Amino acid sequence: MSPFLLYISSLFLLLLFFHIPTCNAENPLRVECNNTYNGITAANYTINSTFHTNLKILLPSLSSNVSLTKGFYNTSIGQGLDTVYGLVLCRGDATPEACRNCTDFASVGILSLCQSRSSAIWYDLCQLQYSDTNFFNRSSTIWWFWVWSMINMTDSQVEPFKASRGTLMRDLANKAAYEPWLGMFATGELNYSSTNNVVSLLISGAACHRCLQDAIGFIPTCCDSRIGGRVIGEVCNLRFEDRNFFGDSLVGVPAPSPALPPSSSNPTNAGRERNNNSSRIIVILIPVIAVAIILFIIVVFLRIWKKKTYSQRKKTDTSSMDQLDGSAILLQIDFETIRVATDDFSDENKLGEGGFGVVYKGNLPDGKEIAVKRLSINSGQGLNEFMNEVKIIAKLHHKNLVRLYGCCVEVQEKLLVYEYIPNRSLDYFLFDPDRRPSLDWERRFKIIGGIARGLLYLHEDSKLRIIHRDLKASNILLDANMIPKISDFGMARIFGGDQISGYTHRIAGTFGYMAPEYAMHGQFSVKSDVYSFGVLLLEIISGQKNAYESDRGGDILSYVWKAWNDGTILEIIDSSISEHCSRAEVVRCIHIGLLCVQEDVTSRPFMSSVVTMLTSFSSTMPAPSAPAFLNSNTMEPTFQVSSEEKNSDPSSRNFPVGSINEVSITELEPR
């Protein structure tokens, strides 16, 4: 057995051995179903009715809030005839935990015992009521009940006891009603013999003093000569006993002068009292010692576990930092700086969330606005992708690539710090009918050109040849001037030397943008990025997603290809720009898009040719061949996540063919 399981097992056995119940599911003192108000007896509700549903919402609300409001809470749920009014009141000496436990029992009990639209239940520590009538501000108590001790006092004790009890009760009633800082709760005690105490406890609600005076008036009726008793009403209750039933710290009224002369002590009784005291001490000490032992074991276990975990994390962080040595130009930002910059990662600064984790807006001490990507512990895009993005983007500097300011790699925290891009992402505008008109043709043409130049830099002009592998509308950010910036390099791959393609069993990206050779066989190259660019270009012109359904085809590629062959290509242009655009430019861009999405990889142009075709209208373009229709029933690739990517010849490998799933490693709400 592992040390971890051994610690847990030992702890479990100790907890089992020393278990001390903290809440007793005792029977209620009283349950009142079908309460009568104003002479009207409440009817029963129908199971699963609106009233029943509101009641099931109300009861947990009472339970969860009473411990936060000093033992008293009332509220209502619903409207009209289905409104449920509820109130819960705990004894003033009940701890928040005991109060909530008692309320939980009361909630379960009243549901199982009553089906009335107005009911009440009492336990020793709490009482709970609900009704379809507002009873919160009722000035009088309609009904009472009482409980008394079976033990009578001797005749010689009755009268002095009654006099002392009456004085104490009146004092307590005044304190409970008129000293609100006591929480409408008062306790007191008096000595009437050398061996017995009278202890009183009062809990009250609305019309407190009047209710308590009425309760005191019932004592002669119910329990005049008894050594203990309770008088319980709807909104207040009273109790006296010959034993202490509340905490010593709650004694709030000085005891009146003794009404009875002390009697001589009986040696036998004194001995019994000493034995009882010893027993009480033992009963108290055993749970205290047990709890202390359990706490000690927990502390030891947590220290060992924390030390072990910290050591493992330290190794991981050291390894991660070693991987970053090649990216020394990247600024290492400490976690505390980022935490302060994002206001402790507050929801108000949350920009979006995706497979990587959550993105937050922040402000560095120098006033620079930043966007922070915080790696989620449960992220589908793990540490490898995080490190991959850091190593790649740290070496890239281009107008059309998002800029990475720095990163943070500390215990359990992995964060990337980017420049803040205020206009969110391309899909935020392009695929929203209300925002789409803000993208006129001039802006769209500049966005197309900017994306093309950014890809050209990645493929040919940077020190490294980089394949993005996840180019899509949500990964194109737009700055304040609507200049596009390619983002999210977690899936990017670096090619060295004369390498022009790579192969992987781990296919990841977004269906609809993936080239068929990549989706089907795991082959990727600069031409797979060209394919993604072509799909994105056609989305920008049409204003439709690549999965767009129409009477001309099942997706945007089949739709555009059919319109191209039918001579109706102008019909695919987004209606918000069709009347205010250069149709020659638009048709030329559609032509370029179709060249980029050709099924034949070798027929697709390089990005250098794409940029030339976009900027020079004198260059001639070949006729496009049919695009790859990934939605065809004959093409159903399967995604497998397994081995690492290889840059060797794929002829010796078996690549999966099956059914395709729409997956994306990062679907962030854009900045």
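Among the numbered criteria (1) in contact with a Pro (Cβ under 8 Å, 6 or more places away or on another chain); (2) under 18 Å from ALA394 (Cβ atoms); (3) small (Gly, Ala, Ser), which single criterion is violated by SER462?
With respect to (1) in contact with a Pro (Cβ under 8 Å, 6 or more places away or on another chain); (2) under 18 Å from ALA394 (Cβ atoms); (3) small (Gly, Ala, Ser), SER462 is out only on (1).
Looking at (1) modelled with pLDDT of 85 or more; (2) farther than 17 Å from LEU29 by Cβ, which one does ILE142 not meet, given that it meets all the others?
ILE142 satisfies all of (1) modelled with pLDDT of 85 or more; (2) farther than 17 Å from LEU29 by Cβ except (1).
Would you mind finding the one in ASN48, ASN134 that is at pLDDT 85 or above, assigned to a loop (DSSP other than H, G, I, E, B) and on the phi > 0 side of the Ramachandran plot?
On the way: ASN134 fails: on the phi > 0 side of the Ramachandran plot.
On inspection, the qualifying residue turns out to be ASN48.
Just name the residue that is surrounded by the most Cβ atoms within 10 Å (Cβ to Cβ) out of those in segment 344-362 that are more than 8 Å from VAL372 (Cβ to Cβ) and among the aliphatic types (A, V, I, L, M).
Within segment 344-362, the match that is surrounded by the most Cβ atoms within 10 Å (Cβ to Cβ) is VAL358.
Restrict the check to segment 83-93 and report whether at least one residue is at pLDDT 80 or above, surrounded by fewer than 17 Cβ atoms within 10 Å (Cβ to Cβ), over 29 Å from the mean Cα position of the chain (by Cα) and more than 15 Å from TYR130 (Cα to Cα).
For segment 83-93, residues at pLDDT 80 or above, surrounded by fewer than 17 Cβ atoms within 10 Å (Cβ to Cβ), over 29 Å from the mean Cα position of the chain (by Cα) and more than 15 Å from TYR130 (Cα to Cα): absent.
Out of curiosity, is ASP366 in the same structural domain as LYS545 (by TED's automatic domain parsing), part of a loop (DSSP other than H, G, I, E, B) and either touching a residue at least 40 places away in the same chain (Cβ under 8 Å) or surrounded by fewer than 17 Cβ atoms within 10 Å (Cβ to Cβ) (or both)?
So ASP366 fails the test.
Please list, ordered by first then second residue, the pairs with beta carbon atoms under 9 Å, 6 or more apart or interchain, first in segment 397-425 and under 14 Å from ALA480 (Cα atoms), second hydroxyl-bearing (Ser, Thr, Tyr) and crowded, with 17+ Cβ neighbours inside 10 Å.
Matching pairs, first to second residue: LYS399/TYR457; ASN400/TYR457; VAL402/TYR418; VAL402/SER487; GLU419/TYR405; ILE421/SER487; SER425/SER474; SER425/SER487.
Consider GLN544 carefully, then state whether it is within 21 Å of ASN475 (Cα to Cα), of a type outside the set (A, V, I, L, M, F, W, C) and touching a strand residue (DSSP E or B) at 6+ places or on another chain (Cβ under 9 Å).
Working: within 21 Å of ASN475 (Cα to Cα): yes; of a type outside the set (A, V, I, L, M, F, W, C): yes; touching a strand residue (DSSP E or B) at 6+ places or on another chain (Cβ under 9 Å): yes.
It is true that GLN544 is within 21 Å of ASN475 (Cα to Cα), of a type outside the set (A, V, I, L, M, F, W, C) and touching a strand residue (DSSP E or B) at 6+ places or on another chain (Cβ under 9 Å).
Kindly indicate whether any position in segment 465-487 is of a type in the set (Asp, Glu), modelled with pLDDT under 90 and outside any helix (DSSP H, G or I). Please lay out each step first, then the result.
The first filter runs over segment 465-487 and keeps only residues of a type in the set (Asp, Glu), leaving 470, 479.
Cutting the leftovers down to modelled with pLDDT under 90 gives us none.
Checked segment 465-487: no residue is of a type in the set (Asp, Glu), modelled with pLDDT under 90 and outside any helix (DSSP H, G or I).
Residues of segment 66-106 being more than 19 Å from ASN27 (Cα to Cα), in a strand (DSSP E or B) and not aromatic (Phe, Trp, Tyr), which ones?
Selection gives ASN74, THR75, SER76, ILE77, VAL84, GLY86, LEU87.
(1) surrounded by 18 or more Cβ atoms within 10 Å (Cβ to Cβ); (2) part of a loop (DSSP other than H, G, I, E, B): which one isn't true of SER63, the others all being true?
(2)
Name the residue that is surrounded by the most Cβ atoms within 10 Å (Cβ to Cβ), counting only residues in segment 498-526 that are among the small types (Gly, Ala, Ser) and outside any strand (DSSP E or B). Can you show your working first?
The initial filter retains those residues of segment 498-526 that are among the small types (Gly, Ala, Ser), namely 501-502, 508-509, 512, 515, 519, 522, 525.
Subsequent filtering for residues that are outside any strand (DSSP E or B) retains 508-509, 512, 515, 519, 522.
Values: ALA508: 21, GLY509: 24, GLY512: 22, ALA515: 27, ALA519: 23, GLY522: 22.
Out of the qualifying residues, it is ALA515.
Does GLY490 satisfy being closer than 22 Å to GLU442 by Cα and either of a type in the set (A, V, I, L, M, F, W, C) or in contact with a Phe, Trp or Tyr (Cβ under 8 Å, 6 or more places away or on another chain) (or both)? Let's see the steps before the verdict.
On the way: closer than 22 Å to GLU442 by Cα: no; either of a type in the set (A, V, I, L, M, F, W, C) or in contact with a Phe, Trp or Tyr (Cβ under 8 Å, 6 or more places away or on another chain) (or both): yes.
In short, no.
Scan segment 582-601 for residues that are of a type in the set (Val, Ile, Thr), under 13 Å from ALA515 (Cα atoms) and in a helix (DSSP H, G or I) and jot them down.
Applying the first criterion (of a type in the set (Val, Ile, Thr)) to segment 582-601 yields 586-587, 590, 592, 597, 601.
Still in the running and under 13 Å from ALA515 (Cα atoms): 597, 601.
Within segment 582-601, just VAL601 meets the criteria.
Tell me which residues, restricted to segment 461-519, are of a type in the set (Lys, Arg) and closer than 19 Å to ARG604 by Cβ.
Keep residues of segment 461-519 that are of a type in the set (Lys, Arg), which gives 463, 465, 469, 472, 485, 493, 506.
Passing the criteria: ARG465, ARG469, LYS472, ARG493.
Residue-wise test of (1) assigned to a strand (DSSP E or B); (2) in contact with a Phe, Trp or Tyr (Cβ under 8 Å, 6 or more places away or on another chain); (3) closer than 11 Å to PHE489 by Cβ.
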position	(1), (2), (3)
GLU389	no, yes, yes
HIS397	no, no, no
CYS407	yes, no, no
LYS414	yes, yes, no
VAL417	yes, yes, no
ILE421	no, no, no
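Going by the structure shown, is LYS562 farther than 25 Å from ARG506 by Cβ, in a loop (DSSP other than H, G, I, E, B) and among the basic types (Lys, Arg)?
Working: farther than 25 Å from ARG506 by Cβ: yes; in a loop (DSSP other than H, G, I, E, B): no; among the basic types (Lys, Arg): yes.
When the stated conditions are applied, LYS562 does not pass them.
The values are calculated or read from the model by the stated rules, or taken from the named source; none is laboratory data. In this text, all values refer to a predicted model and were calculated from it rather than measured experimentally. Heads up, the Cβs are rebuilt from the backbone with ideal geometry, glycines too, and the neighbour counts pull from every protein chain shown.
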